[in-house]
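Colleague: Sharing a structure below in structure tokens format, with a few things to ask.
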Amino acid sequence: MKRKYHILRIFLALFCVKFVVFAQAEYPRVIKDFVRINDNVKIVKDAKIKSSIEIFQNNGKEDTLRVTAYDSDGYILSEFSRNDTTFDGRGEFVIRKVNYIYNKNKLLTELIDSSGAVPVRTYLKYDELYNLTDEEVFIQNKRVRSYSYDYDDLSRLIESVQKDIINDCKITETYIYDSYNNLVKQKIQNKCDPLEKKAAENSYNYKYDDQYRILEKRTIVANGSSKTETFTYTAEGKPESSYLILGPDSFVSKKYSYDKENSVRIIRIESLEGKSKTSDVVIKYDKSGNRLLEEYYDANNKMIYNYRFIYSYY
């Protein structure tokens, strides 16, 4: 059971500040990995956070899972993380060590991944509109991959080309957006895979309310499988509920409730072929909106374990 809760919170742990993951549009990989990596920069800067530490607590034992350092403008400088990859939480960790370097315009220009025995360096270049145009990946000073990116007149990424330098092949992706600038179609032509004769396609369709919030998101991936998510909001615009249909006999529902102590409780019900399972998490914040604690409860309202967040400030 512990592993199930751990999988659930991976998305909640993307940021250590106040950020409830709810209805989200899809983005190309490069946008998620580089452009949006500092989406919470204003919150971090306003709170004057210098570093955050995430600690896992269970049965009286503590384990540090993530340490993130920020500059005085709220941008991520480095991150160390340990993610348990086992199903039953045996403690087999994948360790990541990443450093981020920016130019004077606060554009990410270099990423150094020291997770493995040999560092992997990624260099980024931009155009005059600050659109990311080139990405080059080096291992031991040898270029192994490169990416080029093209945009439309609205600065939306419409094509990315990945070149595998070692195997001399490329992967081309094209992107189409709706009128709200959200990704609705991704086509992938993989010339590096001899078995892939035709382009694969992923599609995403959205329904919005009059405040441009996502009410429904339907995802159809290249293998033909699909899922549909629906969302509701409170009068204040906060997440209220979500419902994810995974198949004819499978769904996941979530309900969000808030109290005056600046916390949110998320009740998650997962049903597969008529069998249901309920999980419960309470996330607590300080007055500035920084996450302080995540508490995970079983069906009997007994806390199983928690994640604690500690901050240092400028």
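Read the figures in this text as sums done on the coordinates, not as results from a lab. Everything numeric here is computed off the predicted structure, so don't read it as measured data. Cβ placement follows ideal geometry from the backbone for every residue including glycine, while neighbour counts extend to all protein chains displayed.
Colleague: Report yes if Asn205 is of a type in the set (S, T, N, Q), closer than 24 Å to Phe22 by Cα and in a strand (DSSP E or B), otherwise no.
Modeller: For Asn205, the condition - of a type in the set (S, T, N, Q), closer than 24 Å to Phe22 by Cα and in a strand (DSSP E or B) - is met.
Colleague: Only one of Lys227, Lys198 is in contact with a Gly (Cβ under 9 Å, 6 or more places away or on another chain) and either under 29 Å from Ser276 (Cα atoms) or of a type outside the set (S, T, N, Q) (or both). Can you tell me which?
Modeller: Being in contact with a Gly (Cβ under 9 Å, 6 or more places away or on another chain) and either under 29 Å from Ser276 (Cα atoms) or of a type outside the set (S, T, N, Q) (or both) holds for just one of Lys227, Lys198, which is Lys227.
Colleague: For segment 234-261, give me the residue count where each residue is more than 21 Å from the chain's Cα centre (by Cα) and crowded, with 16+ Cβ neighbours inside 10 Å. Walk me through it before giving the result.
Modeller: Residues of segment 234-261 that are more than 21 Å from the chain's Cα centre (by Cα), as a first pass: 234-237, 247-251, 257-261.
Next, only the ones that are crowded, with 16+ Cβ neighbours inside 10 Å stay: 251.
Adding up the residues that qualify gives 1.
Colleague: Just for segment 102-160: of the residues that are assigned to a loop (DSSP other than H, G, I, E, B) and among the basic types (Lys, Arg), which one is nearest to Asn38 (Cα to Cα)?
Modeller: Of everything passing the filter in segment 102-160, Lys106 is nearest to Asn38 (Cα to Cα).
Colleague: Let me ask something else about it. For the condition free of Cβ contacts under 8 Å to residues at least 60 places away in the same chain, farther than 26 Å from Asp178 by Cα, not hydrophobic (A, V, I, L, M, F, W, C) and not in a strand (DSSP E or B), what is the one hit in Lys260, Lys255?
Modeller: Residue meeting the stated conditions: Lys260.
Colleague: Conditions first: (1) within 25 Å of Phe80 (Cα to Cα); (2) within 23 Å of the chain's Cα centre (by Cα). Ser148 passes all but one, so which condition is the exception?
Modeller: (1) is the only condition that Ser148 fails.
Colleague: Just give me the residues in segment 138-165 being more than 21 Å from Gln186 (Cβ to Cβ) and either touching a helix residue (DSSP H, G or I) at 6+ places or on another chain (Cβ under 7 Å) or not charged (D, E, K, R) (or both), in sequence order.
Modeller: The answer is Phe138, Ile139, Gln140, Asn141, Val144, Ile165.
Colleague: Which numbered condition trips up Glu229, out of (1) of a type outside the set (Ser, Thr, Tyr); (2) crowded, with 17+ Cβ neighbours inside 10 Å; (3) not in a strand (DSSP E or B)?
Modeller: (3)
Colleague: Which ones in segment 102-138 are hydrophobic (A, V, I, L, M, F, W, C) and exposed (fewer than 14 other Cβ atoms within 10 Å of the Cβ)? Spell out the reasoning first.
Modeller: Kept after step one, since they are hydrophobic (A, V, I, L, M, F, W, C), are these residues of segment 102-138: 107-108, 111-112, 117-118, 120, 124, 129, 132, 137-138.
Hits for segment 102-138 are Ala117, Val118, Leu129.
Per-residue answers, yes or no, for (1) free of Cβ contacts under 8 Å to residues at least 24 places away in the same chain; (2) under 20 Å from Lys207 (Cα atoms); (3) of a type in the set (A, V, I, L, M):
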site: Ser225; (1), (2), (3): yes, yes, no
site: Ile245; (1), (2), (3): yes, yes, yes
site: Phe251; (1), (2), (3): yes, yes, no
site: Gly274; (1), (2), (3): no, no, no
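Colleague: Which one of Ser263, Ser257, Ser279 is under 21 Å from Leu292 (Cα atoms) and touching a helix residue (DSSP H, G or I) at 6+ places or on another chain (Cβ under 9 Å)? Give the derivation first.
Modeller: Values: Ser263 fails: touching a helix residue (DSSP H, G or I) at 6+ places or on another chain (Cβ under 9 Å); Ser257 fails: touching a helix residue (DSSP H, G or I) at 6+ places or on another chain (Cβ under 9 Å).
Going through Ser263, Ser257, Ser279 in turn, just one is under 21 Å from Leu292 (Cα atoms) and touching a helix residue (DSSP H, G or I) at 6+ places or on another chain (Cβ under 9 Å): Ser279.
Colleague: Taking segment 189-223 only, how many residues are buried (at least 16 other Cβ atoms within 10 Å of the Cβ), without any contact (Cβ under 8 Å) to a residue 60 or more places away in the chain and hydrophobic (A, V, I, L, M, F, W, C)?
Modeller: Adding up the residues that qualify gives 1.
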